[in-house]
Each structure stands twice: as C-alpha cells, then as structure tokens.
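Working notes, beginning with the structure itself.
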Amino acid sequence: MAGYLIANLDITDPAKFAEYREKVVPLIEKFGGRYLVRGGEVRRVEGNLPLHRLVVLEFPTLDAAQRFYDSAEYQPLIKLRLASTRSDLVLVEGYSG
C-alpha cells in the first residue's frame, strides 16, 4: 500500500529553497517517490487551515517514505528546508479500499 509524505511549506528564503528543491528531486526518485502535488494553486472551500505551498509525494509504501525521510542523504536537506521555510510535514499510509 502506498505511503504519502504531505508537506505544507511557507517559504521564507526563496534562494535557499530553490537549492533544496534542486537537490531533493533526485533523492525522492532514488527512494521510489514521485510528486503528486507540487505547489499548485490551493483553493480553500471550508475551514481556515493555514495552507501555503502544498506538496504531496507518493512512495511505494509508508516504510519507503519513512526510509526517505530518515536517510542519511536527506538529513542535510532537512536542515536546508528548515532554514528556508516554515514547514509542517506528515507521513500517511494510503487507502487500499
């Protein structure tokens, strides 16, 4: 069953974030991930959830998403992301119906 990384990013340093974005794409692919949502238009229809730049990544499994997040390769990128954004991030198991 697929696993998802969902991030809500408020970019505070566009130059640093551009560096993060460039470096993270090949790593996401290395762990079998792919973008489903990558910062497109967000239309609020209910509630007041403070969404900024929404990103949804799909991985083959929740464990694969966790391995990506916990990987030694991603740790320096986490620091770069945190230096360039205010971030909320969750890992979620998909629905198998």
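The values are calculated or read from the model by the stated rules, or taken from the named source; none is laboratory data. Predicted model only: the values in this text are computed from it and were never measured. Methodologically, a virtual Cβ is constructed for each residue, glycine included, from the backbone with ideal geometry; neighbour enumeration extends over all protein chains shown.
Among the residues of the stretch 7-33, what is the count of those that are touching a Leu at 6+ places or on another chain (Cβ under 7 Å) and under 21 Å from GLU93 (Cβ atoms)?
Residues flagged as touching a Leu at 6+ places or on another chain (Cβ under 7 Å) and under 21 Å from GLU93 (Cβ atoms) within the stretch 7-33 amount to 4.
Being polar (S, T, N, Q), loosely packed, with under 15 Cβ neighbours inside 10 Å and touching a helix residue (DSSP H, G or I) at 6+ places or on another chain (Cβ under 9 Å) narrows it down to one residue among SER84, SER71; which is it?
SER71
Looking only at the stretch 8-32, which residues are touching a Ser or Thr at 6+ places or on another chain (Cβ under 6 Å), among the hydrophobic types (A, V, I, L, M, F, W, C) and assigned to a helix (DSSP H, G or I)?
PHE17
Within the stretch 22-52, track down each residue that is surrounded by 15 or more Cβ atoms within 10 Å (Cβ to Cβ) and modelled with pLDDT under 95.
HIS52
Output the residues belonging to the stretch 81-95 that are over 13 Å from the mean Cα position of the chain (by Cα), over 12 Å from ILE6 (Cβ atoms) and at pLDDT 95 or above.
Listed by number, the residues that qualify are ALA83, SER84.
Any residue in the stretch 5-22 that's more than 26 Å from LEU62 (Cβ to Cβ): show its pairings with residues that are surrounded by fewer than 17 Cβ atoms within 10 Å (Cβ to Cβ) at Cβ separation under 6 Å, as long as the two are six or more apart or on different chains.
Taking only residues 6 or more apart or on different chains, the pairs are LYS16/ALA83.
Quick check on my filter: what residues within the stretch 33-80 are part of a helix (DSSP H, G or I), closer than 20 Å to GLY3 by Cα and either in contact (Cβ under 8 Å) with a residue 60 or more places away in the chain or not charged (D, E, K, R) (or both)?
LEU62, ASP63, ALA64, ALA65, GLN66, PHE68, TYR69, GLN75, ILE78 - these are the residues of the stretch 33-80 that are part of a helix (DSSP H, G or I), closer than 20 Å to GLY3 by Cα and either in contact (Cβ under 8 Å) with a residue 60 or more places away in the chain or not charged (D, E, K, R) (or both).
Which residue is nearest to the chain's Cα centre (by Cα), if the candidates are limited to the stretch 1-37 and must be charged (D, E, K, R) and closer than 18 Å to ARG86 by Cβ?
Ranking the qualifying residues of the stretch 1-37, first place goes to ARG21.
Taking TYR95 and the conditions (1) part of a loop (DSSP other than H, G, I, E, B); (2) surrounded by 14 or more Cβ atoms within 10 Å (Cβ to Cβ); (3) not polar (S, T, N, Q), which numbered condition does it fall short on, given that it satisfies the others?
Answer for TYR95: the failing condition is (2).
Filter the stretch 51-85 for residues that are touching an Asp or Glu at 6+ places or on another chain (Cβ under 8 Å) and not hydrophobic (A, V, I, L, M, F, W, C) and give the result.
Hits for the stretch 51-85 are HIS52, ARG53, SER84, THR85.
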